[in-house]
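Read the structure below first, then the notes.
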Amino acid sequence: MTLADTDLHSYLPILILFFAAAGFAVANIVLTFLIGPRRDGARKSVSYESGMNPVGTARKRFNVRFYLIAMVFLVFDVEVVFLYPWATTFGNLDPQSSHAGLWLFRILFFLLTTVVAYLYGYRKGVFRFD
Amino acid sequence: MHALLADSTLTGGLLTLAQSDFPHALSTLTLNHYLFVSAAMFALGIIGFLTRRNLIIMFLCTELMFQAAGLALIAFGRYHLNFDGQSFVIFVLTIAAAEAAMALALVVLLFRRRESLDADLWAELKG
Amino acid sequence: MGVSMTTIMDAILSAAVAQHGGEAAHAAVAASHGVTGPLWIGLIPLLPLLGVVLVTLLACFNEKSKMPAWISVGLLAVSFLLTLFAYLGWNGHDAIHLKLWDWIGLSWGDLRGQTLAAGFAFYFDGLSLLWMLFVTGLACLIGLYASEYMEHDAGLGYCRFFAAFNLFVFSMSCLVMGDNLLMLFLGWEGVGLCSYLLIGYFYKKKSAVDAGMKAFVVNRIGDLGLLMGMLLTFTTFGTLQYDALFNQIHTGLTAGGTPLSQTWQVWAIPLLLMGGAFGKSAQLFFYVWLPDAMEGPTPVSALIHAATMVTAGVYLVARMMPLYLADPAHIALTAVTWGGAITAFWSATIAVAQFDIKRIMGYSTISQLGYMFAGLGVLATTGGVFHVFTHAFFKATLFLSCGAVMHGFAGQLDMRKLSGLWSINGFRVVVIAMLIGCLNLSGFPFTGGYFSKDMIIAEAFVTPDSVIAGSSWAGWLLLLTAGMTAYYTFRVFFRVFVGPVVYEPGEDLHAHDDHEHADAHGHGHGHDDAHDHAAEHFHPHGPKWAINLVLTLLSVGCILSAGLYFLGDHHGWAGGMVHASSAVVDTHAVEGGEEALLFGQPPHEIMFYISAVFGFGGILLAAWFHGPKGIAGLLIGGRTTAAEVRMDPIAKALRPISTWAVRKWYVDEFYHLVLVTPLKIFAHLFHWFDKLIVDGLVNFFGATPRVSSDAIGESTQTGVLHDYALRMVAGIAVVLVVVVLVLF
Amino acid sequence: MTDKLALVWPEIWLFVTTCVVMVVGLSPDLRVRKLCGWISALGLVVAIGAAVPVAHAGGLFPSITPYAKGMIGVVGLMLLPLLAGTVDRDLDAAIESGKATFSALRSNRAEFYAFFLFSLTGLMLTASADDLIWLFLALELTSLPTYIMVTISTRGTRSQEAGVKYFFLGALGAAIFLYGFALIYGATGTTDLAEIAAAFRAQSEAGGLNTIGVAGLAVALIGLCFKIAAVPMHMYAADVYQGAASGVSAMLAFVPKTAGFLAIIMLCGAVGWTHGATHDSLPAPIYILLWVIAAATMFTGNLLAIRQSSVKRILAYSSVAHSGYMLVGVIAGPGSGHGTFWDNGIAAVLFYLLTYGVTNVGTFAVLASIQKPNGEEADDIADIRGLHGTRPHLAGAMLLCVLSLLGMPPLLGFFGKVGLFTSAISAGEIPLVIVLGLNSAIAAFYYLRIARAAYLEPADEHVETRAGPIPQRVFAAVLSASAVVLLLTVAQMLMERSVTASGYHAPHAGMADTPHEALDLTRADD
């Protein structure tokens, strides 16, 4: 397969999509610049207009526990990726067949590993904020 | 099943994704297009990895490479009309998530030590 | 009890045979007869190996207790019991085979002799059973002895000792139980290694390290003979497995079909094997390493350098007896006979003049090993093997008694500085054990040593000179040696163990915690001063229960070993064992029914009296020259101090000879001059050659890699992550380009 | 599908052990926490026991699992004592002296052992892989834990540097072989290795291999070079080995390498040694690729090792070189199939992996057993000068291991190397054999340098080393050195086992005609 063989026409939709996306972005900026009102002032220049005044640097360190929570979240997040295909196919199984039990057992084993992860997180103190 | 494979069209000319009910405008998109995008993503990932010094960006670049492979897998799966490619991608995503968790942990650790995310500050071991 | 045990063992054995029916049938093809043994036989060597692992484990965890000793003794005891079971379950004539796994299988063709195969397999016939019985039994007892003897080294040294000790038993078991020459060689090298390690046990003492090195080097020379013998055996007979080998020899043809008697291998192989055997058993030129080996801890001297390892050479010759008999001219057997007889006499002359009691025992070991070889040489395999067995017991007893003395007197071994142990508290058991050992060694009537030695000497007179050249002369030499043996043995006994109480502590190799010893160290070794000082402060400590128990058991073993002579119908128990092994010799066939007579009598009958006369003579001489005044000296001795004896004036009168004897006939110095000095000169020459030419070449060729190494290393391994990534990607590109370039 | 479960019992046992260790290691009671090592050992023993009876699995190498998993378990057991005390020493000491209280967040023991077991689980899974997805997951499960183990193995910045290099370059490598896998899947339409093999066979019989398939194989093999530290993906090796604690370095030299070689063997098996003029080698592009990589790896590894002063770096580069040696066996392939060890390159590689794994533990364990005054493990060659005088058993262990790595007869490593030589000769790879021989000679430079430092050179006055506080590591060193000698007694058996393990179930084109089992959930039960 060489590039010469490829029909570049077929890339046209991508190109159109690309231009459309870029054009949309550019058009918006240009339009704002053209027709948007411009009123400068002290209140206008704060980060969150009519919001809370940010104090201190935005590069403030977060407690590392946020990170741990994020990790735990990731575990459950990824788990769903596997649960979803399982759930969509499980309904199609003949409930009488031995496959059904096996499939149920497998997902339970899989969930059990998540429980171990949870147990580990608990022992590690991830869920304690103090 | 492997009729498509048996003729060597894969290496040859233009391939149409074997699905008739795609919207018309997209149905001319062939496997080649997907592979091209995937290869481009992979190349961009490598280039980004080589040129950026920020650890997080570098990690994102490896993710880009992973997803490039994922895209190729999906396209191939569509082409071959089986689920292997798709299921592979789910697992790739899992691995990518695990790597992300580790990368973040590593980045936090390294940042604490050096107050910087510059990968090239770590060059004590050499020779 | 014994009967029922035998029945049980038979049941187990037959079950095992049934289980391994296929293998048994297979074995039957290779061997004319034989049974497949039960798997637990494999435990006999593997248990000591387990001991090595466990003791090493303890060493790694810095164990300070006596645990290594108890583990070793326990495992060795189980090993011994298993051997005993194997013996009781043995049918008395067929060899037991047990193949654990294929060990070596090299094949370079489909023809016979192009496959070198050896199993990790065991072969139990009378010979190996007899050997294993005393190897495991003595190892267990001596391990128990060492648990007390080595206690001052508790900790790493203790572990090191017992690890090597167990490894030795494992290697020795492989040597003896192996069913092919490769297994024997494995064990052979293994025991050599352990011997080296244990001689150099006190590695901070230079003489000990040197002694270890000497043993190692001398043994390697012998091993060369063994290795060449094995190679020749393989090329000649196409196999190294005992049964197959003996069957091949039995046909009288080589693997290629040539009649054996017409080949040169028929005498070369036994001679080469003899070289190996003489190296390991310290015969002839090779004996020099054994006396120095006494630098090792005494339990080691007792087990390795007296009872078991040094008899490996005897085992090799006995095992390979069919090979020796295959030579119609009996060249190798004659060499074995004379090598043994001359060594027996030679080392006895040295032993007569030594003052270090452990060294005397060392020389007596060499001398007794000479008897064993002479016995094998003159076709008295039963006598030779029986002597191995009795010698194992009495020599272990003697060494362990010496060890107890050494242990009690801070390393003192000089007979001029020790006297009258009988009267020192706590040494009674030692003295009695020593007496029993001495009686055995000197061939006192109705001891085990007496019977076994007589069988050898008598057979030397029986075997006609036409079969073994000078056989009867060797017999006379051995008789004379028997007298000398009795003399030097009782010289030790009369000087050290009875008489007036005099003692002086030794240099105390093994750091006792008694403070007196430290004081004794502080003083110079000025004789009188040290003596007075030591006499004031030094208190010899008698052995505790472990040593006493072992000495008692061994003494009983010595006494009982005499009884074995009356068991069975083939000249005693040992004869029965030999009869059921490859060592059996059909003397009538070899000697052609011709039996020489001694003083017109059958030698086997008259020898009892003759050797008794020589033995008594030796003892009486020792009593006269060295015995103390009083009852213990049978009223003929005149010694009143430790150092002065009636022998002194005679020794003075014969000064040149006695000095030469004391200096061991200057053999070490001779070797140094003839062998070591030229080697050193050669080494110096080689050193310069090496420095000027080889180094130059090496530098030249070495520079190339080094320069390229620096070039690659400095340019690529910069330590920067991005450089690495870039180079990896670039490397991939280069590799792919190369692939494409090569393809098109 | 259920039968596949039976094949992975060792992995399941290891996984269960891992879960237990993960929880037990977080106990506030030090005595309970210290059980981690013993539980891990128990789990490994059970896993070995479960691995050995599994005689036949499907796939291209149906009998590889008992040997491979047994080997992995045994080397894992040897690595365990070496890894003892790597993490949490300071914390435990502080707790015992009352300076600190136990905090689960600060303790790393549970994770460390769990990651070790996870990695071994992944390695065993690699051995039983019969599918690209499985292979990918197993390889990642092997590698991911090692990234963290490297990073937390010491408290200094060096191990963190090693961790960052290892992780990022590792992610790069993983992405590359994943892309290769995707291409292979694209070219064959299946992820099942046996079916891939059949498809390749059909392609080659129909006129030639699919270009994308060959490209995919090449990319995947290059990516896997990272796992085995082969040129050009070797750049990280020395830095990472030096930065990590010795125990972890020893693990890195065995675990990812074994995983990589198992994967490489499987991929090569998928395309088959049935190409070329005489139908007995790999397809030309793959053959040339591996040839170039093997030769370059041997030279690079050995040459770079010469100039090092750090023993760890020497060992790292030697590990690179060993990968090159083993690639020779892969190129040689399983040979004519007469069933002898001496012309079977795959058996040689499998046996070599065992000898290398066993020996390698010893060298690193010696380093781990020696402590410098600042508490660090020995690293520089000056640290082991005169070792013979101060710690003779460690010096002896080092000598035996180094000589075995060098391939000195009659030690274990010799037989490993002989297998590679003879299989390459019988495959007709004479130039590679010459390269191999040349490199074995170059290797003598640095191996003997280590031996000489330990035995012949006096200890440096200013370098003071003392016994490390962890006797288990000494045990690992002695164990490894004894294994180098004692395994000789069973070498023949191991060689035969490796021949059995390398039993290659050559693909035949007919397999491609069997319908690919789609996920048909509505199918009636049968």
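A short reminder: the numbers here are calculations on the coordinates, not readings from a lab. A quick note: this is a predicted structure, and the numbers were derived from the prediction, not measured. Don't worry about glycine lacking a Cβ; one is built from the backbone with ideal geometry, like all the others, and counts go over all protein chains shown.
Overview of results
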read-out	value
Reach of C:K214 by Cα under 21 Å, taken over lysines that are not fewer than 8 positions away in the same chain	C:K204, C:K205, C:K206, C:K280, C:K358, C:K664, C:K680
Antiparallel DSSP beta bridges within the protein assembly as shown, percent to nearest 5	90
Dipole in debye (nearest 20) - the range B:26-114, about Cα centre, beta carbon charges: Lys, Arg +1; Asp, Glu -1	480
For the range D:249-369, radius of gyration divided by Kirkwood radius, i.e. Rg to Rh on alpha-carbons	1.02
Positive-end residue of D:T154, D:T126, D:G170, charge dipole of the range D:99-224 with Cβ unit charges	D:T154
Pair B:L104, B:D120: separation of 7 Å Cα→Cβ label points (nm)	2.9
Total formal charge among the other residues, if their Cβ is under 15 angstrom from that of C:L232, Lys/Arg +1 and Asp/Glu -1	-2
Residues whose placed amide H lies under 5 Å from that of C:A121, excluding near-sequence neighbours	C:L100, C:D179
Chain C: calculated mean residue ellipticity at 222 nm from DSSP helix runs of at least 4, using -39500 (n - 2.57)	-21500 deg cm²/dmol
Helix axis angle, D:284-306 relative to chain D longest principal axis, alpha carbon, degrees	10
Potential extension, A:Q96-A:T114 segment - 0.36 nm per residue separation minus Cα distance	3.7 nm
Cα gyration tensor shape of the protein assembly as shown, rounded if a/c is under 1.5, else prolate or oblate by comparing a/b with b/c	prolate
For C:183-190, mean number of other protein chain Cβ atoms within 10 Å	1
Size of charge dipole - the range C:258-395 - debye, nearest 20, with Cβ of Lys, Arg +1 and Asp, Glu -1, no other charges	140
In sequence order, calculated HN-Hα J values of the range B:119-127 (Karplus, 6.51, -1.76, 1.60; Hz; x Gly/Pro)	5, 7, 6, 8, 9, 7, 8, 7, x
Selection from C:A154, C:S195, C:M434 lying farthest towards where the dipole of chain C points positive, charges on Cβ	C:M434
Amide H partners (placed H, <5 Å) of D:D131, local residues excluded	D:L193
Centroid-to-centroid separation of the range C:374-429 and the range D:380-449 [C-alpha atoms, Å]	46
17 Å cut-off, amide nitrogen to a point 7 angstrom out along C:R220 Cα→Cβ, residues in the range D:410-450	D:410-411
Pairwise label distance in nanometres, D:V32 with C:K544, each label 7 Å out on the Cα-Cβ vector	4.2
FRET efficiency estimate (nearest 0.05) - Cβ-Cβ, C:L620 to C:W473, R0 25 angstrom	0.45
Residue exposure sequence - D:L35, C:L226, D:L327 - by fewest surrounding Cβ within 10 Å	D:L35, C:L226, D:L327
Karplus-derived 3J(HN,Hα), 6.51/-1.76/1.60, for each residue of the range C:36-46, Hz, glycine and proline x	7, x, x, 4, 5, 4, x, 5, 4, x, 6
Ranked list, fewest to most other Cβ atoms within 10 Å of each Cβ, for D:I152, B:I90	B:I90, D:I152
Under 24 Å between alpha carbons - lysine pairs in chain D that sit 8 or more apart or on different chains	15
Only Lys, Arg (+1) and Asp, Glu (-1) charged, at Cβ; the protein assembly as shown dipole about Cα centre in debye	3340
For the range C:556-562, Karplus couplings with θ = phi - 60° (6.51, -1.76, 1.60), whole Hz, Gly/Pro x	4, x, 4, 5, 5, 4, 5
Least to most buried among C:S715, C:S581 (fewest other Cβ within 10 Å first)	C:S715, C:S581
Per-pair calculated FRET efficiency, R0 = 45 Å: C:S715 and C:F61 via Cβ, rounded to 0.05	0.40
Cβ-derived FRET efficiency at R0 25 Å, C:T115 paired with D:I425, nearest 0.05	0.80
Most positive-pole-ward Cα, C:P656, D:A506, D:A424, against dipole of the protein assembly as shown from beta carbon charges	C:P656
Amide H within-cut-off set for D:D380, under 5 Å, with H built and near neighbours excluded	D:V311
